[in-house]
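To start, the structure itself, in structure tokens.
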Amino acid sequence: MALPGGAAMNITIRLQFEKDIVSFSDIAAAIGKTGGDIVGIDVISSSKVHTVRDITVSALDTKQCDLIIEALKKIRGVKIINVSDRTFLMHIGGKIETNSKIPVKTRDDLSRVYTPGVARVCTAIAEDPRKAYSLTIKRNTVAVVSDGTAVLGLGDIGPYAAMPVMEGKAMLFKEFAGVDAFPICLDTKDTEEIIQIVKAISPAFGGINLEDISAPRCFEIEKRLKEELDIPVFHDDQHGTAVVLLAGLLNALKIVDKKLEDIKVVLTGIGAAGIACTKILLAAGVRNIIGVDRHGAIHRDETYENPYWQEYAQITNPDNLKGSLSDVIAGADVFIGVSAPGILKVEDVKKMARDPIVFAMANPTPEIDPELAEPYVRVMATGRSDYPNQINNVLCFPGIFRGALDCRAREINEEMKLAAAKAIASVVTEDELNETYIIPSVFNSKVVERVRQAVVEAAYRTGVARKDHIPLGGYTGEQK
């Protein structure tokens, strides 16, 4: 299985080899012939007869790892003791933990953090539930909720298998924005049950991040929770993708000197992310978007069983175009793919308007191979980390939730999402902006600061912030 995002994998092979029979150069040559790359060597033990070494090898995927192991097994005088995958080693015991903020060293400490002293704090919150924000972890916590039905590109793999992804999401919240997030993987696919469970656990959290829940159930779950809870609810697969897409497009249009209101956009994949991307583009000022799914362009002359497609037909495709992707892409300024590998052909790109912009975000295999598209595309973006211009949700959700929590927003509305997109785009300066750099790195420290400030300002401007006042300077890691 190739790894999502084109990421390489490292394995560490502990092997023993007999010095009189084989040399290390023989071992290195065997690894090199399979295409593996040795990135680390550690001598574990050595004697006159044999040597034990740990060799760390970078490979493209599990298939190549198997080839490396088989090649080493064929070398006379070599014994493989153990093979470990560094990625798996990082997951042993999970990737996150909870820690106490206050040491408990004495009986007096114990009586203050727990009974009997804690009873006074409980009473204060019972009298005024708003004090939960100042006297508990609620002010800085997010629940990362999934049912495991749409995990990465793996599909419905269930709640247990979804845990490593949700743990990773919780890590990113903490690492990038100082938010304490908890993975909540639910062993149910029932829409109503998920809604009721999330509502029931909401007192402990300042926000809800829905993750990897399949469409169309994800729409109803998010809609109901937004209506029935007074804390922000954000389905990152939809809105995180949309925010970062818009950020990249704003900068790409500067390069080709085109305006949002003038462009023709063709978007493939009318699922959760596709619909959210469409809606944020419309809100930003795009007027002409044609959505295409496997049956062709979505248009108003068709009656769709999917109610979300029926609504989609009413708000898009102003010229009511019909036909396949190849038919409707003629003259398009922008292609956006959140669909399937290889569906966009070079012949289709050649039909687009001057200086075409292509965002092929299917992962791990984009809608078109970037190498094939390069001669004909002015700006190319994908969801992969091994190509320029990666559209990555990590640019979005840490800063959005940091801002929403800091001002105690009731919701994350369209204005806040638009503000976040513009903030992300602003991190790339005019001097830096070029065809291969339209979106900042996820490790750019300015991103969370800019997004937080923009989200806070939009929350106050639209009346959803509940905290009287907070400083609008950048995130410092200190929450008061």
task: Any lysines with Cα under 27 Å of the K422 Cα? List them, leaving off those in the same chain fewer than 8 positions away.
output: K169, K174, K223, K226, K254, K258, K259, K264, K279, K446, K467, K480
message: Please state the shape class of segment 227-335: rounded when a/c is under 1.5, otherwise prolate if a/b exceeds b/c and oblate if not, all from the C-alpha gyration tensor.
response: oblate
query: Which GluC sites (Glu not before Pro) does segment 219-306 hold that lie in a coil by DSSP with at most 11 other beta carbons within 10 Å?
result: E305
task: Note down the magnitude of the dipole of the chain about its Cα centre, charges +1 on Lys and Arg C-beta and -1 on Asp and Glu C-beta and zero elsewhere, to the nearest 20 debye.
output: 1280 debye
query: At what distance in angstrom do the alpha carbon centres of segment 16-65 and segment 144-169 lie from each other?
result: 35 Å
field: Cβ-based charge dipole, segment 399-438, positive-most Cα from G403, A425, Y437
entry: G403
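Which whole DSSP H helices in the chain pass both tests: a Cα extent of 15 Å or more along the axis and a mean Kyte-Doolittle value no lower than 0.5?
The answer, listed by residue number, is 191-201, 236-256, 272-284.
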task: Please work out the average accessible area per residue across the chain, using the 1.4 Å probe convention, and give it in Å².
output: 48 Å²
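Add -39500 (n - 2.57) for each DSSP H run of 4 or more in the chain, then divide by its residues: what number comes out at 222 nm, to the nearest 500 deg cm²/dmol?
-11500 deg cm²/dmol
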- prompt: Zone of V104 (label point 7 Å along Cα→Cβ, backbone N under 17 Å): which residues in segment 115-138?
  reply: 115-122, 136-137
- prompt: Carbon and sulfur together cover what percent of the accessible area of the chain at a 1.4 Å probe radius?
  reply: 52 percent
- request: Please say if the chain is rounded, prolate or oblate, where rounded means a/c under 1.5 for a ≥ b ≥ c the square roots of the C-alpha gyration tensor eigenvalues, and otherwise the choice is prolate for a/b larger than b/c and oblate otherwise?
  value: oblate
- prompt: Roughly how many Å is it from the Cα centre of segment 185-241 to that of segment 262-319, as a whole number?
  reply: 24 Å
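What FRET efficiency, computed as 1/(1 + (r/R0)^6) with R0 = 35 Å and r the Cβ-Cβ distance, is obtained for I197 and Y304, rounded to the nearest 0.05?
0.70
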- prompt: When the label point is put 7 Å from the Cα of E220 along its Cα-to-beta-carbon vector, which residues of segment 280-311 have a backbone N closer than 20 Å?
  reply: 304-311
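The values are calculated or read from the model by the stated rules, or taken from the named source; none is laboratory data. Worth saying up front: this structure is predicted, and the values here are computed from it rather than measured. For neighbour counting, all protein chains shown are included, and Cβ atoms are generated from backbone atoms with ideal geometry for every residue, glycine included. Keep in mind that these areas ignore ligands, DNA and RNA; they rest on the heavy atoms of the full protein, side chains included. Shrake-Rupley method; radii C 1.70, N 1.55, O 1.52, S 1.80 Å.
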